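The values are calculated or read from the model by the stated rules, or taken from the named source; none is laboratory data. Keep in mind that this is a model prediction, so the values were computed, not measured. FYI the Cβ positions are ideal-geometry reconstructions off the backbone, even for glycines, and counts take in every protein chain you see. Ligands, DNA and RNA are excluded from the accessible area calculation, which covers all protein heavy atoms including side chains. Shrake-Rupley method; radii C 1.70, N 1.55, O 1.52, S 1.80 Å.
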Amino acid sequence: MNLASRKHMPAVFRLTPKIQQKPYKKGLLTLVATLSVTLLSACSHNTISKDIESLTPEEQSLLTKASNDDIQSLLNAEFTLQREGPNKAFESFYDLANKSNDLALIKRLIQVAVAAQNHIFIERSTNLWLSVAPNAEAAYALKLQVLIQGNRTEEVTTLLTNAMRHNVSLRFLPIYLEENVRENDQVSTIEEAISALSPERKANQYIQLSYAHLLLLSGNYQLAITTSEALLEKPTSEKSESLYLILAFSQKSLGLLDDAIRTLDSATVRFPKSTRILTPLIDFLVENKQAQKGTNTYLNANLETPEKLQVGINLMRSLLEHEQAELALKTANNLPQKQLGLSNQVQYLTAIALAQLDKKAQAIEFMENVDGNLQSNATNQMALWFYDLGKEKDINAMVLNRTPREDMPEQVIAISRLHEEKGNKNLSFELVKNALAALPESDSLRYHKALLADTLGNWKITEKELIILLQKDPENPQFLNALGYTLLTRTDRIEEAMKLIESAYEKADSDPAIIDSLGWGLFLKGEFEQSSYYLKKAWSILPDAEIAAHYGESLWKQRHYEEAILIWESALETSPDTPLLIDTIERLSPSLLEEHKQDSSS
């Protein structure tokens, strides 16, 4: 549910994650720029009066109420703010604001506190603000954030109660809840604070709205519906977008999709240009097998270009999820021509629509134009379509040509694995080899090439590449283990292999791959009991089919036949096509494979 996109209340100050750490260029900083030379050079009172006339009313208010000492203190505070930042300047501003009780100066203090991102400063500032203006809604809203983020439940209850006593609107509470819906601790704090209010206070419409939202979040959909409908029926309740959304999503969650659509339809009468209402309405229509109506709703919406574009892109996604490719293309053709940096999303979705219509060659043409954040996804998708078209040999050139250098290792390895899944290990090796030639400093590509070479029987290439890697990083346990295991399984250099594996184990004694190598090396040396110990440890960490093959064979060699068969049966359930597992069982207990085939077919 997209409740978090709620427009902010018209409060001036909000505690946000990122505050621009720069001096303010307006307000009192203009005052400093105007008066600093005048005051420091002790010019006449007439000069000061002339400068005051050019200031804003707020700035004039500060000065006309201030003595010369206060003006100098204010200038000093501003200079401290510019030179040393808001944390250093806060106390100076606080002393001035506390002394004067002037609202303009208190608001300036709030700005400094928020810029410092210091909750203690913010709380002190809002307390001062409320002591002068106990009905200041923005002060309650800002202090609420500090209290909730500190999980100070009782104080949140007190704050809400005090706000209601001073007839302050609590619209800031449901807005804050919407914006922090993913913060479980904060949601819990709000829930507990509301539950502690008196019955009279709980009847407040904004408390009720927040309560309805909490009911939706907790899955109590029917009570959320009842609460929302009651608020909508009250003539004095503010009919906010959030209220309609809570009701509609609660209805949808109970399978009442028609009711949810009617709720959002009625909301569009009140909020005809609200994308918060329009987007879920269109999604619900498409999901409810009314894709054409959803498309028409979009086409008839009177939205500005940015909103028209965002809602249209969301509609395309929804249509494609429900296999409505023709309507998705129609939507694409009706999007605003100015795509405001979103053309990649449009091109990507257009390509998906063409592919759904079995026009994959055309889809590839569109997808080739996609770059930016969607470039990797586009490359992966094109590779799949090339396979569908029987043009897998064209994939490698496509990948190498369109992938930026910084993304090459990750992208190439992803496509390499696709080739392997499709049974084309040679294409996989060719891609990695060519990518490594273009990017020889990439350890991940070199390591992947080494592993691939071994699966293709070119273990000497594996050895060569792993030696290069170890020359760069001689303490890397994965490189040590890979070379050790290669020598262990491909040569008779067992002692050399074991030194490498034991060195890897010293550095990473909980890595199941390394433990498996150590156990298998001990097996090849004839130390079967020790072998089983390590192989069992590896199996307990990672029940992998290749580990099962080794562990089962070690048990079998020690005549623990039933245990071995149990291990192999477990591995066959999850990885029935692993070559090493199949080869091991065929050598030692071929009847087990026959039984497994019969069980699978029955």
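Odds and ends about this structure:
- Complete set of residues in segment 328-337 that are open to solvent by 20 Å² or more (accessible area, probe 1.4 Å) and touching a residue at least 24 places away in the same chain (Cβ under 8 Å): 329, 330, 334, 336
- Where helices (runs of 4 or more DSSP H) fall wholly inside segment 82-143, the ranges with 3 or more residues that are farther than 24 Å from residue 161 by Cα are 86-100, 103-116.
- Matching entry among 311, 286 (being assigned to a helix (DSSP H, G or I), touching a His at 6+ places or on another chain (Cβ under 8 Å) and either among the hydroxyl-bearing types (Ser, Thr, Tyr) or touching a residue at least 12 places away in the same chain (Cβ under 8 Å) (or both)): 286
- Counted residues, segment 117-143 - those being within 20 Å of residue 103 (Cβ to Cβ) and without any contact (Cβ under 8 Å) to a residue 40 or more places away in the chain: 18
- Residue count for segment 83-124 satisfying the condition of being open to solvent by 20 Å² or more (accessible area, probe 1.4 Å), of a type in the set (A, V, I, L, M) and at pLDDT 95 or above: 1.
- Counting the residues of segment 536-557 that are within 20 Å of residue 510 (Cβ to Cβ) and either in contact with a strand residue (DSSP E or B) (Cβ under 7 Å, 6 or more places away or on another chain) or of a type in the set (Phe, Trp, Tyr) (or both) gives 2.
- Residue 340 falls short on exactly one of the conditions (1) of a type in the set (A, V, I, L, M); (2) under 18 Å from residue 401 (Cα atoms); (3) open to solvent by 60 Å² or more (accessible area, probe 1.4 Å), and that condition is (2).
- Lone qualifier among 500, 487, 470, 439 - being of a type in the set (A, V, I, L, M, F, W, C), over 27 Å from residue 541 (Cα atoms) and out of contact with any Ser or Thr (no Cβ under 8 Å at 6 or more places or on another chain): 439
- Any helices (runs of 4 or more DSSP H) falling wholly within segment 483-601 and containing at least 1 residues that are modelled with pLDDT of 95 or more, of a type in the set (Asp, Glu) and crowded, with 19+ Cβ neighbours inside 10 Å: 512-524, 545-557
- Any hit, segment 383-393, residues being more than 21 Å from residue 428 (Cβ to Cβ) and not in a helix (DSSP H, G or I): no
- Exactly one residue among 149, 145 is more than 20 Å from residue 247 (Cα to Cα) and crowded, with 19+ Cβ neighbours inside 10 Å, and that residue is 145.
- Only one of the listed residues (292, 375) is within 27 Å of residue 388 (Cα to Cα) and part of a helix (DSSP H, G or I). That residue is 375.
- Selected residue (criterion: most open to solvent (accessible area, probe 1.4 Å)) from residues of segment 355-372 that are assigned to a helix (DSSP H, G or I) and of a type in the set (A, V, I, L, M): 361
- Any hit, segment 295-307, residues being within 24 Å of residue 178 (Cα to Cα), in a helix (DSSP H, G or I) and either out of contact with any strand residue (DSSP E or B) (no Cβ under 9 Å at 6 or more places or on another chain) or open to solvent by less than 30 Å² (accessible area, probe 1.4 Å) (or both): yes
- Of the helices (runs of 4 or more DSSP H) lying entirely inside segment 182-237, those containing at least 2 residues that are of a type in the set (S, T, N, Q) and more than 24 Å from the chain's Cα centre (by Cα) span 205-218, 221-233.
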